[in-house]
1. Once Rh for segment B:20-94 is found with the Kirkwood sum over Cα pairs, what is the Stokes-Einstein diffusion coefficient at 37 °C and 0.692 mPa s, in µm²/s?
2. Roughly how many whole Å is it from the C-alpha centroid of segment B:3-47 to that of segment A:116-153?
3. Helix C:9-18 against the longest principal axis of chain C: what's the angle in degrees, Cα atoms only, rounded to the nearest 10?
4. Taking each residue of A:150-157 in turn, how many C-beta atoms of other protein chains fall within 10 Å of its C-beta, and what is the average?
5. Can you give the helix-only mean residue ellipticity at 222 nm for chain B, where every DSSP H stretch with n ≥ 4 adds -39500 (n - 2.57) and the sum goes over all residues, rounded to the nearest 500 deg cm²/dmol?
6. So how do A:84, B:20 line up by other beta-carbon neighbours within 10 Å, fewest first?
7. What relative contact order, as a whole-number percentage, does chain B give when Cα pairs under 8 Å and 6 or more residues apart are counted?
8. For chain C, what's the relative contact order in percent, using C-alpha pairs closer than 8 Å and at least 6 residues apart?
C-alpha cells in the first residue's frame with residue numbers, strides 16, 4: 001500500500017475545519033472544511049457518519065498532521081481543496097479565494113457532476129461549467145451525488161498520484 | 001447506514017450497457033436532460049436462412065456516457081425499451097481529467113458484468 | 001389560490017398580516033400565456049392555515065408593488081424574482097442581483113430567453129435524415 005501523504009481538504013487557515021483519518025488507509029489524514037456549495041456537500045458528512053472518515057482528536061489537530069507527514073517518506077503535507085457542489089458565477093470568486101489562500105503543495109478535488117462540468121445546470125446562464133475553468137483539478141469524482149465511498153476512492157486516487165509524481 | 005465498505009447492490013453508482021441489446025433507437029440520447037449520451041450506428045443487411053428478403057439491423061459503432069455531465073436521473077434506464085441500460089453499484093471510477101469520465105462501450109459493458117443485482121431500488 | 005388585482009397586491013398582504021398570517025413562506029413568478037404572474041404564500045402558524053395569492057404583472061411596466069415592508073423576509077425572494085424575470089418591485093429597497101453578474105441581457109427565466117449553452121452545443125439526438133430540435137432550442141436564436 002502506498003503510504004504516507006497527509007492530505008488536508010480545504011484549509012488550515014480556517015477555524016472550524018476538522019481533521020480525519022481515512023479508515024481504508026489510516027496513514028492518510030484529511031482536513032475538511034465544508035464549503036457547502038450544494039447537495040454534494042452532504043456526502044462528506046455521510047462519509048463521517050458511516051465511519052469512512054474517522055475524526056482525529058482536536059487536541060492533536062494540525063500539529064499532529066504535520067508530524068505524521070514528516071514521519072513519512074514523502075514528508076510534505078499536501079492540502080486538498082474539496083469542491084463539492086454547484087459553482088455559480090456569483091460564488092466562483094470565493095472558491096478562487098479559498099484556493100489561492102492554500103499553501104503549496106496543494107491539490108483540488110472536484111466532487112460531483114456540478115463541480116465537474118456544471119452537471120444538471122450545464123445550460124444555466126449563471127453556473128460555471130466546471131471548476132476546472134478556474135483552478136487546476138487533480139481528480140474528478142463522478143456522481144450526482146457521488147457516494148461517500150466514491151469520496152474515499154477519489155482521495156486515495158490523489159494520494160496514489162502524489163506518490164507517483 | 002452501512003459501515004462495512006460494501007455498497008448496496010441496487011445502488012445507483014453507474015449506468016451499464018448491454019451492447020447486444022441496444023437497437024440504436026436513440027430514445028436515451030434524445031431524452032437525456034444533460035445531453036450526456038452519444039450514439040453512433042450504421043445499418044447492415046442481414047439475410048436469415050430461409051428468409052425471402054434480407055432485413056436491416058443497426059450496428060452499434062459507438063456509445064458513450066459522459067459521467068462528468070450525467071445527473072444520474074435514470075431516465076435512460078427507465079425508457080430503454082430493450083433493457084440495454086441498467087444501474088450498477090460501482091463507484092470507483094474517478095478520473096484525472098474531465099475527459100476521462102467519458103466512458104465508451106468497453107467500460108460500460110464491463111460494469112454490466114459487475115456484482116450488482118441490477119434491480120431497481122424498492123422501499124424496504 | 002386567490003387572484004389579486006395588482007393595485008391591491010401590497011394592501012392585501014397588510015390585511016393578511018393583521019389577521020394573523022405572520023409567517024412569510026415564499027414569493028416567485030412564472031410566465032403563462034405571454035403574461036407574468038407573481039405568486040406568494042403566507043401562513044398563520046397558530047391556526048395552521050396558509051393563503052396562496054397570485055397577481056398579474058403589468059405587461060408594459062413589468063412592475064408590481066413590493067411586499068417587503070409588510071414581510072421583510074420577502075426581500076431575498078423579490079430580488080431573485082426581479083433578476084430572473086425582469087420584474088420591477090416598486091418599493092423594494094435592495095436591487096442587488098443575487099446570481100447574475102449584471103442585469104445586462106434578457107432575464108433568464110423568461111420563455112423568450114434562450115439558453116446559449118443549448119444553442120451552441122450540438123444536440124447528440126439530432127437524427128441524420130430529418131430535422132428535429134430538442135426542447136428549448138430555436139433556429140433563429142441570434143435574432144430572438
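1. 233 µm²/s
2. What the calculation gives is 21 Å, centre to centre.
3. So the inclination is approximately 40 degrees.
4. Shielding by partners across A:150-157 averages 4.
5. Details: 3 runs with 18 residues, N = 124.
Only helices count here, giving -3500 deg cm²/dmol.
6. Least to most surrounded, the residues fall as B:20, A:84.
7. Values: 211 pairs, mean separation 45.8, N = 124.
Reported relative contact order: 37 percent.
8. Relative contact order comes out at 18 percent.
Read the figures in this text as sums done on the coordinates, not as results from a lab. This structure is a prediction, so every number in the text was calculated from the model and none was measured. Don't worry about glycine lacking a Cβ; one is built from the backbone with ideal geometry, like all the others, and counts go over all protein chains shown.
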